[in-house]
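Data first, discussion second: the structure below is written as structure tokens.
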Amino acid sequence: MKPNLLLSSLSFSPQTSGPLSRAGYLRIHDLQGIQPEDLAKDTGLTLTEAQDVIRTALGDPTPNDMLHQVSSQTASQLLDLSSRLPSYSFQSKSIDSLFPDGIKPGMIIEVSGPPGIGKTCALVGIVMDMRIKNLKEVEKHGEKARRREVLVVDTEASISPDRLAQAAENQATRESGQKLSSEDILEGIRLLRLHTLSQFVSFFKTLDTYLDEHPEIKSIVIDTLSYHLRSPSIPPDAGSRSRIVALIKQELQRCSTRYECTFVVSVQMATKFSDVGEGNLDEPLSRDERAFLMPQLGVSWIPMKTKRLMFFYGGGMVGHRQVKRFATIIPVLPPNSSHSAYPSSQNQNGNANGTNSGMWGNAQPSQKEIGLGSGIDRVEYRISSEGMLADI
């Protein structure tokens, strides 16, 4: 069947086509690379129904097709392959310690935090590391090395060519013993500006085609993923925004798996209000006391394999400014989770610049409510004079 064929043209019942449409699965190509388990989670269909949908839309592979797809490797070969995969760094040992298994090809990393906390610094840092790792690999193995380039997608003019050039120059200075120049670093970085919502949506609709045409792109860094989703041009009905979010999730999941492409994306924060303390205090908490910041897009866009890195302020004030920065990994909870700090959707007009006294605000909901268990693994970091993440 043709990839652009509408799913509504197939013989699905309304009980099946309705959930598919609401979840953003509109055409056959939307199902390519999607596992039945993920389709069931996205749509609310049963696993059997999801399997039937994929089988009807994409067909069953023939025995010959399956035979060509099957290959085997020894455990030694698999371990050797894993050891040769690059592992990327935010260029901060404290931040990297939150990823004990490293940041490998095919991973999806969400970076969130309030304004000015260092999200863009983190993204620029890992872009530099991705290029340095590949340049060293090419220098060591020559033509046998796989060329890996980085696509930087900028939605709000926060990553300029000048900023990348300055970061590359600083990186080359630190790597002076390796005979790497800033030009070498920049040669493998592509910068794409998405100024409008329509450009943003078109990017995700054509992402697999772009990666087919540019096989050297193995990492995509997006700053910021949530920017255009606050656009007033999105129709006010919840379905329009949900379809865009579903598209993002499908493409990130498919492209990270199919192309072994690493995605690192930043998201803005939005103010939410906790119900912690209601009915348990003699004097109810004020609205400001119940305010806290959480990633603006919630969890609706997130494939389950995503690692969520959150930056937050804490640890004292100097005047009106908090001087300590911390980072932690927050869990990926399903969209229908009852945890109050993980909303399944965010009001379109949510405030991304809310103020509060720490990671969760004055209300300080319990660790159980935010899904962090009995302890919070957090590390402290700072921003260097070069505008990069650095250790304390």
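Things to note:
- If the condition is being under 14 Å from G188 (Cβ atoms) and aliphatic (A, V, I, L, M), then the range 146-165 contributes V150, L151, V152, L164, A165.
- So F326, is it modelled with pLDDT of 70 or more, touching a Ser or Thr at 6+ places or on another chain (Cβ under 8 Å) and crowded, with 19+ Cβ neighbours inside 10 Å: no
- Per-region count, the range 45-82, residues modelled with pLDDT of 85 or more and in a loop (DSSP other than H, G, I, E, B): 2
Okay, residues lined up against (1) outside the structural domain of P295 (by TED's automatic domain parsing); (2) at pLDDT below 95; (3) in a helix (DSSP H, G or I):
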{"site": "I109", "(1), (2), (3)": "no, no, no"}
{"site": "P114", "(1), (2), (3)": "no, yes, no"}
{"site": "I117", "(1), (2), (3)": "no, yes, no"}
{"site": "M128", "(1), (2), (3)": "no, no, yes"}
{"site": "H141", "(1), (2), (3)": "no, yes, yes"}
{"site": "V150", "(1), (2), (3)": "no, no, no"}
{"site": "S158", "(1), (2), (3)": "no, yes, no"}
{"site": "A165", "(1), (2), (3)": "no, no, yes"}
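- Restricting attention to the range 147-195 and to residues that are more than 17 Å from T120 (Cα to Cα) and in contact (Cβ under 8 Å) with a residue 60 or more places away in the chain, the residue that is surrounded by the most Cβ atoms within 10 Å (Cβ to Cβ) turns out to be R148.
The values are calculated or read from the model by the stated rules, or taken from the named source; none is laboratory data. Quantities reported herein were computed from a predicted structural model and do not represent experimental measurements. Glycine also receives a Cβ, built like all others from the backbone with ideal geometry; neighbour counts cover every protein chain displayed.
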